[in-house]
Structures are given as structure tokens and as C-alpha cells.
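J.: Sending over a structure as C-alpha cells; questions will come in a sec.
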């Protein structure tokens with residue numbers, strides 16, 4: 001699909017599908033889009049991110065992007081869903097393998113199964129109704145409430161941290177743990193600038209009475225949801241309750257700009273449990289994958305033996 005034509009659909013799409021988001025996160029690869037039409041009118045779109053390594057092309061998720069793949073503009077019959085899915089599968093670029101996280105709204109994956117794809121069900125954690133923030137807070141676990149009240153006595157939240165300062169703070173925190181940021185500073189700043197320019201993102205910074213940053217959280221949103229994209233706080237500040245305090249303030253911000261709050265979930269047990277203590281509910285989504293390269297198929301089949 002012509003990208004200029006695709007950009008005309010931006011206002012109808014979730015944030016991860018918007019052309020400016022895809023332009024920002026497609027470092028080291030390219031994003032491709034297709035639309036399924038009836039009577040010339042787009043009924044849905046399909047977006048994927050293609051990279052190349054060791055001479056092989058492959059489809060994966062770009063950094064900081066929760067979901068792509070199929071997104072429908074309207075509720076369609078299963079027959080129409082099947083037609084659209086087959087249309088997209090037929091037009092997927094030739095790659096050694098493909099792995100795509102579909103959005104929460106994608107519910108019918110059978111056409112992909114019939115065409116050789118496998119599926120893994122994953123979960124995000126979501127607070128669906130933000131209309132009454134007091135009611136939202138009342139559903140928090142007692143431990144979350146205590147942490148938030150404790151933090152409120154020593155910390156304040158502002159939005160003064162720049163994208164560059166956030167990345168450096170995050171980088172320093174991970175370096176102290178012998179880890180590193182999984183995406184480049186250039187990519188992050190490009191994405192941060194695009195989100196700010198489109199009124200779709202903000203950094204929440206938690207500082208103490210001495211002006212020392214205890215933690216920071218980068219959130220993004222569209223008309224349906226806010227996403228806790230990435231956050232960081234050094235272990236030495238964990239006891240202040242900074243993590244829960246940042247999340248609560250993000251939830252309060254979300255209530256002013258959108259309908260729900262998505263923690264983006266985790267398949268790590270203790271992280272998932274922490275998000276559930278905010279009263280968030282698990283929402284499933286599908287990870288669709290297919291291996292096309294014969295050698296990769298053999299290697300994949302041998303994995304259980306090792």
C-alpha cells in the first residue's frame with residue numbers, strides 16, 4: 001500500500017499503527033502496510049515490520065510497539081474476517097520467518113492456522129474504565145494504596161524531564177545492573193518527539209524534596225487507551241514507593257485524555273502480579289508466527305531436545 005495513502009487513515013488507527021509511530025520505530029528495517037477494501041473503501045489494514053540479517057528477511061515487532069498485524073475498522077462477519085486474513089496472508093512479503101503480536105481487537109486467528117501459522121496467547125493488564133478515578137483507586141490492593149500514600153509525602157510529579165534526560169537516566173540505571181537499553185537513543189528520541197508533536201505522549205518524573213529524580217515513566221496514548229510504554233527507577237529508591245506512585249499518576253493523567261489504561265502486561269509472574277494489584281484485568285492477545293525457511297524449521301524442531 002502506498003504510504004501516503006496509508007497516512008490518510010491515521011486518525012482511525014491505534015497509536016502503534018499510526019504512520020508517524022511506524023516511521024519513528026522502524027530503525028534497521030522498514031514497515032509495510034496493506035488494506036482490505038470493499039467497494040473501494042478500506043475495511044481493515046495489515047502492518048508488519050521487516051528486517052534483514054545474515055541474508056535472511058524476517059518479520060518481527062519493532063521496538064516499543066505492543067501490537068501490529070491486522071486491525072479492522074468495524075465489526076465484520078467471520079466470513080469477511082476470513083477473506084481479509086487470506087488476502088493479507090497472500091500478500092505477506094517472502095521471509096524466513098514471521099512473528100507478529102496482534103491487537104486485543106483481533107479475535108479470529110483460524111485463517112492463519114489453516115495457512116501454517118502457530119499461535120501463542122499472551123496477556124496484557126488493563127484498567128478498562130477510568131470514568132471515576134476514586135473508584136479506580138478503591139480497587140487497588142492495600143499494599144499499592146500504602147505505597148502511593150507514602151510516596152505522596154516525599155515525592156512530587158512533574159513533566160519537566162526531556163526525552164534525552166529520560167534515556168540517560170534509564171541507561172544509567174540499567175548500566176548499574178549490568179544491563180543495557182534494548183533500543184537506541186536515536187530511536188527513542190525520534191519516537192518521543194513524534195509523540196509530543198502529536199499530543200500522544202508524556203514523561204512523568206518523580207522527584208524528592210531535594211530535587212533528586214527517583215524515577216520516571218514514559219506513557220503514550222490514543223483515543224482508546226494509554227500505554228505504560230517504559231519506566232525506570234533505581235533500586236535504591238524502590239522503598240519510597242516511587243514505582244506505584246508513578247503508575248497512579250499516569251492513571252490519573254489517562255483519565256483526562258482517554259478511556260483505559262494498559263500496563264502492557266508481562267509474562268513475568270511477579271510483574272504480572274504487581275499490575276493486577278492495581279485492579280487491572282488480563283486481556284488476551286495473539287502472537288502469530290510461521291517459519292518458512294527449511295533450515296530454521298529443522299532447528300526449531302530440535303529445540304526441545306536441548
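J.: Looking at (1) at pLDDT 95 or above; (2) assigned to a loop (DSSP other than H, G, I, E, B), can you tell me which one residue 177 breaks?
T.: (1)
J.: Looking at region 135-161, which of the residues that are loosely packed, with under 14 Cβ neighbours inside 10 Å and over 30 Å from residue 103 (Cβ atoms) is farthest from the chain's Cα centre (by Cα)?
T.: 153
J.: Restricting to region 103-147, what's the tally of residues that are part of a strand (DSSP E or B) and either closer than 25 Å to residue 238 by Cα or in contact with a helix residue (DSSP H, G or I) (Cβ under 9 Å, 6 or more places away or on another chain) (or both)?
T.: Residues meeting the conditions: 7.
J.: To continue, here is another question. Looking at the structure I just gave you, is residue 79 more than 19 Å from residue 289 (Cα to Cα) and either in contact (Cβ under 8 Å) with a residue 40 or more places away in the chain or assigned to a helix (DSSP H, G or I) (or both)? It would help to see each step written out before you state the result.
T.: On the way: more than 19 Å from residue 289 (Cα to Cα): yes; either in contact (Cβ under 8 Å) with a residue 40 or more places away in the chain or assigned to a helix (DSSP H, G or I) (or both): yes.
Yes.
J.: Quick one: in region 62-76, of everything that is in contact with a helix residue (DSSP H, G or I) (Cβ under 9 Å, 6 or more places away or on another chain) and assigned to a loop (DSSP other than H, G, I, E, B), which residue is farthest from residue 185 (Cα to Cα)?
T.: 76
J.: Please verify whether residue 81 is surrounded by 19 or more Cβ atoms within 10 Å (Cβ to Cβ), over 22 Å from the mean Cα position of the chain (by Cα) and closer than 27 Å to residue 264 by Cα, treating the condition exactly as stated.
T.: yes
J.: Also, I was wondering about something else. Somewhere in region 219-233, is a residue closer than 18 Å to residue 124 by Cα and without any contact (Cβ under 8 Å) to a residue 24 or more places away in the chain?
T.: yes
J.: Please state which of the following conditions residue 185 fails to meet, knowing it meets all the rest: (1) surrounded by 12 or more Cβ atoms within 10 Å (Cβ to Cβ); (2) in contact with a strand residue (DSSP E or B) (Cβ under 6 Å, 6 or more places away or on another chain).
T.: With (1) surrounded by 12 or more Cβ atoms within 10 Å (Cβ to Cβ); (2) in contact with a strand residue (DSSP E or B) (Cβ under 6 Å, 6 or more places away or on another chain) applied to residue 185, the lone miss is (2).
Residues are listed down the side, and each one gets a yes or a no for (1) at pLDDT 95 or above; (2) within 24 Å of residue 109 (Cα to Cα):
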{"position": "24", "(1), (2)": "yes, no"}
{"position": "42", "(1), (2)": "no, yes"}
{"position": "48", "(1), (2)": "yes, yes"}
{"position": "53", "(1), (2)": "no, no"}
{"position": "59", "(1), (2)": "yes, yes"}
{"position": "68", "(1), (2)": "yes, yes"}
{"position": "71", "(1), (2)": "yes, yes"}
{"position": "76", "(1), (2)": "no, yes"}
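The values are calculated or read from the model by the stated rules, or taken from the named source; none is laboratory data. As the structure is a prediction and not an experimental result, all values here were calculated from the model. So basically every Cβ, Gly included, is an ideal-geometry build from the backbone, and we count neighbours across all protein chains shown.
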